[in-house]
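Below: one structure, written as structure tokens.
Every number in this text was worked out from the coordinates using simple rules, so none of it is lab data. Quantities reported herein were computed from a predicted structural model and do not represent experimental measurements. Glycine also receives a Cβ, built like all others from the backbone with ideal geometry; neighbour counts cover every protein chain displayed.
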Amino acid sequence: MRLHQAQSVLLMIDFQAGLLPVIEGGEAAIKEAAWLAGIASELQVPIWLTEQYPERLGGTAPALLDGLGQHEVWQKLHFSATEEAPFTQALAALERKQVVVCGTEAHICVLQSALGLLEAGYEVFWLSEATASRRPEEARLARERACANGAVAVTADMVAYEWLYRCDTATFKEVHQRFLKPRSAQAVTFY
């Protein structure tokens with residue numbers, strides 16, 4: 001199954017300031033999520049964020065919010081966002097069936113939300129490099145479990161190019177200049 005920009009939602013789960021200091025790879029996960037959110041914003045893919053009990057864990061990390069375009073924030077007490085009626089009702093109202101998920105902690109809130117989305121009939125895409133836990137082994141096992149139940153593991157590049165679909169449009173040229181070309185040039189410097 002291929003991702004389609006007009007059918008997608010980017011769901012960033014619990015990238016919270018109070019939680020991130022203990023997350024292995026948290027900064028890298030935020031960087032990937034923010035990069036894809038920039039492309040989502042350009043392509044008018046809805047960007048949704050959740051916050052688990054923000055009174056204790058703080059709000060979404062400023063590093064993610066800086067430069068983030070239009071987005072919705074959903075506060076929750078359940079580990080799965082799909083247990084919160086306002087969230088599920090609003091998601092259904094969007095009439096989009098593909099949800100790209102990422103966030104922390106992979107083995108708790110991201111996994112439970114992904115499983116809930118799958119149970120509700122959504123196509124779930126697990127954004128691998130933007131999903132993390134305190135221990136990398138738990139993040140790996142969470143991805144495996146989600147995929148064993150029907151989610152599809154993806155990278156940010158996979159999602160971006162599937163959303164863009166073709167290279168001969170003005171939108172592709174704009175996104176390429178702003179997001180893809182700098183990323184490619186940057187990647188080369190690491191080799």
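Hey, quick one: spin label on Thr169, modelled 7 Å out along Cα-Cβ, who in segment 37-57 has an amide N within reach, i.e. under 16 Å? Under 16 Å, as judged by backbone N against the label point of Thr169, lie 39-46 of segment 37-57. Only beta bridges with both residues in the chain are counted; by DSSP, about 5 percent of them are antiparallel. For the pair Ala28 and His78 in one chain, pulling the backbone fully straight at 0.36 nm per residue adds 15.4 nm over the alpha carbon distance.
Sorted fewest first by neighbouring Cβ atoms within 10 angstrom, Cys102, Cys109, Cys167, Cys147 come out as Cys167, Cys147, Cys109, Cys102. Considering helices alone, the calculated mean residue ellipticity of the chain at 222 nm is -12000 deg cm²/dmol, with DSSP H runs of length four and up weighted by -39500 (n - 2.57) and normalised per residue.
With K and R counted +1 and D and E -1, the other residues having a Cβ less than 15 Å from that of Leu19 yield a net charge of -3. The listed peptides 156-164, 115-123, 63-71, ordered by packing as a protection proxy, come out as 156-164, 115-123, 63-71 (highest mean of other Cβ atoms within 10 Å first).
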